[in-house]
Each structure stands twice: as structure tokens, then as C-alpha cells.
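Student: Please see the structure below; I have some questions.
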Amino acid sequence: MDIPILTLDGPSGAGKGTVSRLIAQKLGWHYLDSGAIYRALALEITEKNVADAGIAEIVEVALAMDLVFECGEDRLVKLNGQDITDLLGLESTGNMASKIAAIPEVRAALLQKQHDFKQAPGLVADGRDMGTVVFPEACYKVFLTASALTRAERRYKQLKLKGIDANLSKITADIQERDQRDSERQFSPLIPAADAVYIDSSDLSIQAVVEEVLSLVR
């Protein structure tokens, strides 16, 4: 049986995670947050002090990771049995993840882990290259984006709600730098798939985006 796949690609802060989880729940499909895989690896290599080591050491850590997603009302991510959900959202984690994601050997090592999430009755895959590289055969593809300022403001509000001190200008600059690095990297750059539906969420509510994406599947 051909298992249906919906891919949602786009930059950080566009709302992919929230939209993807809501859609997976509504459809009863499995959920893959590929960005969390790279962020988890970023945490793991930092913890093991191999972030500045050679590529071989980083790949070895990547292959050994035991990562579990629990997608209920709130996302829960466990790395080697430990809840790392809150740590995944740190700016330092995101920046490190973006850097290691540009390494071809690391992407190859994590590719099979992502393929393993393709299970019946279907999969909603959220990331940066889901529709172009990881699941090019997907029958439904969306590229979800928003302006850098909009995404920075969303991130700023999230951090403030958690009581974390934040600087909007710095967050905006970090997002713009990450966007440029992700879109210009040689391997698996952040670009829309040729057959993806392009959605700008700058002026849309989460529910509006969810309905627009669901209309494609239905």
C-alpha cells in the first residue's frame, strides 16, 4: 500500500511545527519534526564535547541517538530516554543545528532515521528539505514561510512568556543569518519543491493555515 505523505517545509518560525502537529492529529497520521532531529544532535554533540571535533565523531553520535517523538496536546521529544523538549527551542541549539545540517555526511546519517517515520496510515513531515530531498515522492507538499520580522516577533513573544530574557533585534539578525546559511548551503538548501504549494503565514492565523493545508489533502 502506498502510504500518503504531506511535507511542510520552510524557515524557522513560520509555524510549521504547530501546523504540522495539528494536521497530524486531525488526520490521525504519524508526525516527523525533522528539525528536532538536528536540534537533538546539536544538544548531544555539545553535551559530549564533540561539537568542534571531526565529522566522523559527529556522525558516530548521530547514528547512536535514540530519539522518540510523542505528539499529543503538546510536543514531547525524548533523547536517550531524557525529555529534551524545552532545550530544543534555545537559540544556541538552533544555530548549532543549522551549522551541522550543512554537513553532507551528517544529513546522510540522519536520512534513514527520517525515512523510518513513514508508516501507515500516513505521515506529516515538517522540515526544510522534506519535499525536495527526504520525501520527494510525497503526494502533498507545502512551503510555509513568513517575513523575518514576523518570525522574530513570534519567537520573542514565546521567550518572554517563558520568562526568558530576549532581544528582538538580535533574534531578527539571527533568523536572517540562519535563512541565508540554510538557503545558500550546497547540500539540501532551503528552497520550495517545484510542486509545492507556497503559503505566507505573516498575516494568517494558525487555524487559517491549517484549514488551507487540509484543503489540499481533502
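Student: Search the structure for amide H atoms under 5 Å from the amide H of Thr7, placed 1.01 Å from N in the peptide plane, and list their residues when 5 or more places away or on another chain.
Tutor: Hits under the 5 Å cutoff: Ala125, Tyr140, Lys141, Val142.
Student: A follow-up question, please. For segment 89-201, count all C-alpha to C-alpha pairs, find those more than 20 Å apart, and express that count as a whole percent of the total.
Tutor: Result for the distance tail: 50 percent.
Student: Also: 7 Å from Cα along Cα→Cβ at both Glu137 and Glu57: what's the point-to-point distance in nm?
Tutor: For the pair Glu137/Glu57, the computed spacing is 3.8 nm.
Student: Please report, in whole Å, how far the alpha carbons of segment 1-130 spread along each principal axis, starting with the longest.
Tutor: 42, 30, 28
Student: Please give the net charge around Thr150, taking every other residue with its beta carbon less than 12 angstrom from that of Thr150, where Lys and Arg add +1 and Asp and Glu add -1.
Tutor: That works out to +1.
Student: Separate question: Taking a label point 7 Å from the Cα of Asp66 along the Cα→Cβ vector, which residues of segment 77-95 have an amide N closer than 14 Å to it?
Tutor: Residues 78-83 qualify, since their backbone N sits under 14 Å from the label point.
Student: Let me ask something additional. If only Cα atoms are counted, what is the Rg of segment 5-217, and what is its Dmax, in Å?
Tutor: 16.2, 46
Student: If you restrict to DSSP beta bridges whose two residues both lie in the chain, what percentage is antiparallel, to the nearest 5?
Tutor: 30
Student: Further question: Taking loop as defined by DSSP and a crowding limit of 16 other beta carbons within 10 Å, which chymotrypsin sites (Phe, Trp or Tyr not before Pro) in segment 1-75 fit?
Tutor: none
Student: Determine the gain in length on full extension of the stretch Ala166-Gln207; use 0.36 nm per residue of separation and subtract their C-alpha separation, reporting nm with one decimal.
Tutor: Length difference between fully extended and current span is 12.1 nm.
Student: Helix-derived [θ] at 222 nm for the chain: sum -39500 (n - 2.57) over DSSP H runs of at least 4, divide by residue count, nearest 500?
Tutor: Result for the chain: -15000 deg cm²/dmol, rounded to the nearest 500.
Student: Could I ask something else about it? Return the FRET efficiency for the residue pair Arg181, Leu216: r is the Cβ-Cβ distance, R0 is 35 Å, and the value is rounded to the nearest 0.05.
Tutor: For R0 = 35 Å, the calculated efficiency reads 0.75.
Student: Shifting gears a bit: Work out, step by step, the length gained on full extension between Lys99 and Gln119: first 0.36 nm times the residue separation, then minus their alpha carbon distance; give nm to one decimal. Numbers along the way, then the final one.
Tutor: Details: separation 20, 0.36 × 20 = 7.20 nm, distance 2.95 nm.
Additional length available on full extension: 4.3 nm.
Any read-out appearing in this document is the output of simple, stated calculations on the displayed coordinates, not a laboratory observation. Everything quoted here is computed from the prediction, not taken from an experiment. Cβ coordinates were reconstructed from backbone atoms using ideal geometry, including for glycine residues, and neighbour counts include every protein chain displayed.
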